[in-house]
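Asks: My questions all concern the structure below.
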Amino acid sequence: EGLIYAGTDDGLLQITEDGGSSWRKVEEIPGCPSMAYVSRLEAGVHDADTVFAAFDNHKAGDFKPYLFKSTDRGRSWKSIAGDLPERGSVYAVVQDHQNPDLLFAGTEFGLFFTLDGGTHWIRLEGGLPTIAVRDLEIQRRENDLVVGTFGRGIFILDDYTPLREIDRQSLEHSAMLFPVRQAWMFMPEARLGLDGKAFQGDGHFTAPNPPFGAVFTYYLPEKLTTLKEQRQKKEKEMIEAGQTPPYPTWEEMRAEAREKPPRVVLTVKDSEGDVVRRIEGPIDKGFHRVAWDLRYPPAYPVRLTEPEQGPFRGDRIGPMVLPGSYTVELSTEVAGKIEHVGNAQRFAALPLGTATLGASDRRALLAFQQKTARLQRAVLGTLRSLDEARERLDYLARARFLTPAAQEAIDQQILALRETLADLRAELAGDPVLRRHQEPTPPSILDRVQRIVDGHWTATSAPTGTHRASYRVAREEFAEVYQRIKRAIEIDLRKIEDSLEDAGAPWTPGRLPRLPD
């Protein structure tokens, strides 16, 4: 109390320890120009006797970084500029509130941090432009670093706690999974109806929010490479050393051609040790962050390539997990070999507590959502099976035309089955003809299921009576339609395929040709 540091534009430092009644001057700091502008004074947060001072001497044509530290209230100073770039005045400095050796410095050409109190400095990039950093502030509750720049706005580094865990040796030799901060559970809202600016244009300013959910941070010392990339790297090293690399063997070439691409997998487990979600992450060298949306995987049919989604198509989501304790594990998969790296990290997922009509029994809420997810999985999967069956019929119709020995009666069987499948699809997903002509249609089985998902999985309230009635009706109707679809695909369609196989028709999808005599 009463300790105040003051700096002037002529390089003069003054210190008072009685609230301003009397001041003492710091006449000279070794290594600092006498008339340099005092750009920043920052009191240490761990020791009342510690103070940091940054100076700017660009008016004298001197752009060197001047950053000093005193541990005796300004009586003696030492430089902590370390290996900061020679060109780049220091404008701001801040000390971490947990690790006294973790410092951040804002310079003319970007942001830097040090893990050893100022001996070695590392530039922090992560999308931050090369711009003058004029101010720094730490939000201690969330461990966020707020960066004020000259002319490029404000940037926020969310949760910089991994910087407290690293050291040069660990970064050079091993992959690391860093601690995960507490994840708040709530329902994100798109205030404009769509993510981002919607259709407001550049006249409406918005900045992106931090990723929703649990954010996982990991580090890879090297990129995960394929067998081919590893071979090419060795060949390049041999050529640079003046050696002739050998030709790869056929076994090596086959292994390269059949190799599964490398990947990073983050596995989330609940408190019972059951797997909740698997998420893939980047495989390049360096730090990476991946967010888990605190949900189970969606029940939609698997696609090897996801189509582009328009602005009005919602995300495919699964039910939200229960509040509680979870763990995440990091593993790498290279050449089919899975290796668990780093230590598993435990974290908590807790409700934000802002729900107006929150469900009193969250387990019952999740049970209903999971029951709906199982029905959704079956309905969507059956719908895809219907579409595949219709495509198989198109191939069979063409094969019948190309097969001289095939009877014309098969055409009528194909046509009849195509009509049956179209009727079944209309019962399952609605009549496309009526919808195409903007006519009202009764809710289909899929409509009932999707309305439960769309209206309930993005809310924290208990399911309504309408939700429960929709599930009951959809489940009963689907059970009857499912049996007819199964009979049409597994019996009727198979009979047509067998008839064409007997006639020697060309191969069509969904069947294996017989071995000839």
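Asks: Looking only at region 271-300, count how many residues are within 30 Å of Arg374 (Cα to Cα), charged (D, E, K, R) and buried (at least 16 other Cβ atoms within 10 Å of the Cβ).
Replies: Looking only at that region, the number is 3.
Asks: Now, a different point. So the check is Cβ under 6 Å with 6+ separation or different chains; which pairs have a first residue in region 142-159 that's more than 21 Å from Ala183 (Cβ to Cβ) and a second one that's small (Gly, Ala, Ser) and in a strand (DSSP E or B)?
Replies: Note: pairs meeting the criteria are Ile154/Gly148.
Asks: Filter region 459-478 down to residues that are part of a helix (DSSP H, G or I) and either open to solvent by 40 Å² or more (accessible area, probe 1.4 Å) or at positive phi (or both), then give me how many there are.
Replies: Adding up the residues that qualify gives 8.
Asks: Just checking, how many residues over region 82-101 are under 23 Å from Arg168 (Cα atoms) and surrounded by fewer than 19 Cβ atoms within 10 Å (Cβ to Cβ)?
Replies: Of the residues in that region, 9 qualify.
Asks: Taking only region 209-233 into account, find how many residues are at pLDDT below 95, aliphatic (A, V, I, L, M) and outside any helix (DSSP H, G or I).
Replies: 2
Asks: So, in region 66-78, exactly how many residues are open to solvent by 20 Å² or more (accessible area, probe 1.4 Å) and part of a loop (DSSP other than H, G, I, E, B)?
Replies: 6
Asks: Output the number of the condition that Glu256 fails; it satisfies all remaining conditions of (1) over 30 Å from Phe178 (Cα atoms); (2) in contact with a Ser or Thr (Cβ under 9 Å, 6 or more places away or on another chain); (3) open to solvent by 70 Å² or more (accessible area, probe 1.4 Å).
Replies: Here Glu256 clears every test but (3).
Asks: Would you pick out the residues in region 227-245 that are within 24 Å of Lys260 (Cα to Cα) and not aliphatic (A, V, I, L, M)?
Replies: Lys228, Glu229, Gln230, Arg231, Gln232, Lys233, Lys234, Glu235, Lys236
Asks: Take the residues in region 12-44 that are assigned to a loop (DSSP other than H, G, I, E, B), small (Gly, Ala, Ser) and closer than 23 Å to Gln95 by Cβ, then tell me which one is least open to solvent (accessible area, probe 1.4 Å).
Replies: Of everything passing the filter in region 12-44, Ala36 is least open to solvent (accessible area, probe 1.4 Å).
Asks: Do any residues in region 389-407 that are in contact (Cβ under 8 Å) with a residue 60 or more places away in the chain and open to solvent by 100 Å² or more (accessible area, probe 1.4 Å) have Cβ atoms under 8 Å from those of residues that are hydroxyl-bearing (Ser, Thr, Tyr) and assigned to a helix (DSSP H, G or I), where the two are at least six apart or on different chains, and which pairs are they?
Replies: Sorted first by the residue in region 389-407, then by its partner, the pairs are Gln407/Ser499.
Asks: Could you say which residue among Lys495, Lys486 is part of a helix (DSSP H, G or I), in contact (Cβ under 8 Å) with a residue 12 or more places away in the chain and open to solvent by 80 Å² or more (accessible area, probe 1.4 Å)?
Replies: The unique qualifying residue is Lys495.
Asks: Among the numbered criteria (1) open to solvent by less than 100 Å² (accessible area, probe 1.4 Å); (2) at pLDDT below 95, which single criterion is violated by Arg514?
Replies: Condition not satisfied by Arg514: (1).
Asks: Further, regarding this structure: In region 181-191, what residues are modelled with pLDDT of 80 or more and either over 30 Å from Ser325 (Cα atoms) or among the basic types (Lys, Arg) (or both)?
Replies: Within region 181-191, Arg181 is the sole residue that qualifies.
Asks: From Leu145, Leu171, which residue is closer than 16 Å to Gln95 by Cα and among the hydrophobic types (A, V, I, L, M, F, W, C)?
Replies: Leu145
Asks: Quick check on my filter: what residues within region 169-194 are exposed (fewer than 14 other Cβ atoms within 10 Å of the Cβ) and in contact (Cβ under 8 Å) with a residue 40 or more places away in the chain?
Replies: Glu172, His173, Ser174, Gln182, Met187, Leu194
The values are calculated or read from the model by the stated rules, or taken from the named source; none is laboratory data. Remember, it's a predicted structure, so these values are computed and weren't measured experimentally. Cβ: placed from backbone, ideal geometry, glycine included. Neighbour counts: every protein chain shown. Note: areas computed on protein heavy atoms with side chains; ligands, DNA, RNA excluded. Shrake-Rupley method; radii C 1.70, N 1.55, O 1.52, S 1.80 Å.
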